[in-house]
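Trainee: The structure that follows is given in the form of structure tokens.
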Amino acid sequence: MDYVDRLRAEWAERLPDVDTSTVPVMARVTRISALFDELADRAFAAHGTTRAEFDVLAVLRRADRLLRAREITTVTRAPAASVTKRLDRLEGAGLVKRTVPDHDRRGVLVGLTAAGRDLVDTLFPQQVARERSVLADLDDDEVDVLAGLLARVLGRLELPDGG
């Protein structure tokens, strides 16, 4: 019996008329996310960055072009003020650069510096290796099935009305 099984049993005692059949899935997804985030946070901290800052760097690396801060906000789903703070920190660390295009004053463009690109290119393979180790007890077919099921759930949450 794990944490989630105990959680469900406790709710069954307190509110026996509530159908808790979804709890094992959602609580495990939430717990996996929290525990994996802690693991990633420790690994990123060893390189002088945070998981949230790495998310910004990764968005820029995948785009492989200059982005507006609002584009980063959209992709990361982080509040604009948080993205601004992360960009300030990353710029101070020499990992991103901000520029204001002469022809377009609508906003600042953000891009990776060579150091930022190198950091992402170092950290991303390590992150993938951590993910692989967490899923090591599943075979390739199980990983594919799990990914497909989670994609369906995520698709419902990403609907404009949230499902």
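The values are calculated or read from the model by the stated rules, or taken from the named source; none is laboratory data. This is a predicted model, so every value here is computed, not measured. Note: ideal-geometry Cβ built from the backbone for every residue, glycine included; neighbour counts use all protein chains shown.
Trainee: Out of all the residues in segment 59-93, which are touching a residue at least 24 places away in the same chain (Cβ under 8 Å) and assigned to a loop (DSSP other than H, G, I, E, B)?
Mentor: Selection gives Arg65, Leu66, Ala78, Ala93.
Trainee: Under the condition of being β-branched (Val, Ile, Thr) and surrounded by 12 or more Cβ atoms within 10 Å (Cβ to Cβ), which residue from segment 105-124 is farthest from Arg51 (Cα to Cα)?
Mentor: Val108
Trainee: Another question about this same structure. Just to be sure before I move on: is Ala52 farther than 30 Å from Asp5 by Cβ and buried (at least 16 other Cβ atoms within 10 Å of the Cβ) in the structure I sent?
Mentor: Criteria met by Ala52.
Trainee: Additional query: Just to be sure, is Val75 assigned by TED's automatic domain parsing to the domain that holds Glu158 and either surrounded by fewer than 16 Cβ atoms within 10 Å (Cβ to Cβ) or in contact with a Leu (Cβ under 8 Å, 6 or more places away or on another chain) (or both)?
Mentor: No.
Trainee: Restrict the check to segment 44-54 and report whether at least one residue is closer than 29 Å to Leu146 by Cβ and of a type in the set (Ser, Thr, Tyr).
Mentor: yes
Trainee: What single numbered condition from (1) touching a Leu at 6+ places or on another chain (Cβ under 9 Å); (2) within 19 Å of Ala115 (Cα to Cα) fails to hold for Arg68?
Mentor: For Arg68, the failing item is (2).
Trainee: Shifting gears a bit: Would you please name the residue that is nearest to Gly48 (Cα to Cα), looking only at residues in segment 81-104 that are small (Gly, Ala, Ser) and within 19 Å of the chain's Cα centre (by Cα)?
Mentor: Ser82
Trainee: Related question: Identify, by number, the condition in (1) touching a helix residue (DSSP H, G or I) at 6+ places or on another chain (Cβ under 6 Å); (2) in contact (Cβ under 8 Å) with a residue 40 or more places away in the chain that Leu135 doesn't meet.
Mentor: (2)
Trainee: Could you please give the count of residues in segment 135-162 that are among the acidic types (Asp, Glu) and in a helix (DSSP H, G or I)?
Mentor: Final tally of qualifying residues: 4.
Trainee: Within segment 76-91, is there a residue that is on the phi > 0 side of the Ramachandran plot and of a type outside the set (S, T, N, Q)?
Mentor: The answer is yes, given that some residue of segment 76-91 is on the phi > 0 side of the Ramachandran plot and of a type outside the set (S, T, N, Q).
Trainee: While we're looking at this one, here's another question. I need the full set of residues from segment 12-58 which are touching an Asp or Glu at 6+ places or on another chain (Cβ under 8 Å) and not in a helix (DSSP H, G or I), in order please.
Mentor: Listed by number, the list holds a single entry, Thr50.
Trainee: Kindly list the number of the only condition in (1) small (Gly, Ala, Ser); (2) part of a helix (DSSP H, G or I); (3) touching a residue at least 12 places away in the same chain (Cβ under 8 Å); (4) farther than 19 Å from Asp41 by Cα that fails for Gly107.
Mentor: With (1) small (Gly, Ala, Ser); (2) part of a helix (DSSP H, G or I); (3) touching a residue at least 12 places away in the same chain (Cβ under 8 Å); (4) farther than 19 Å from Asp41 by Cα applied to Gly107, the lone miss is (2).
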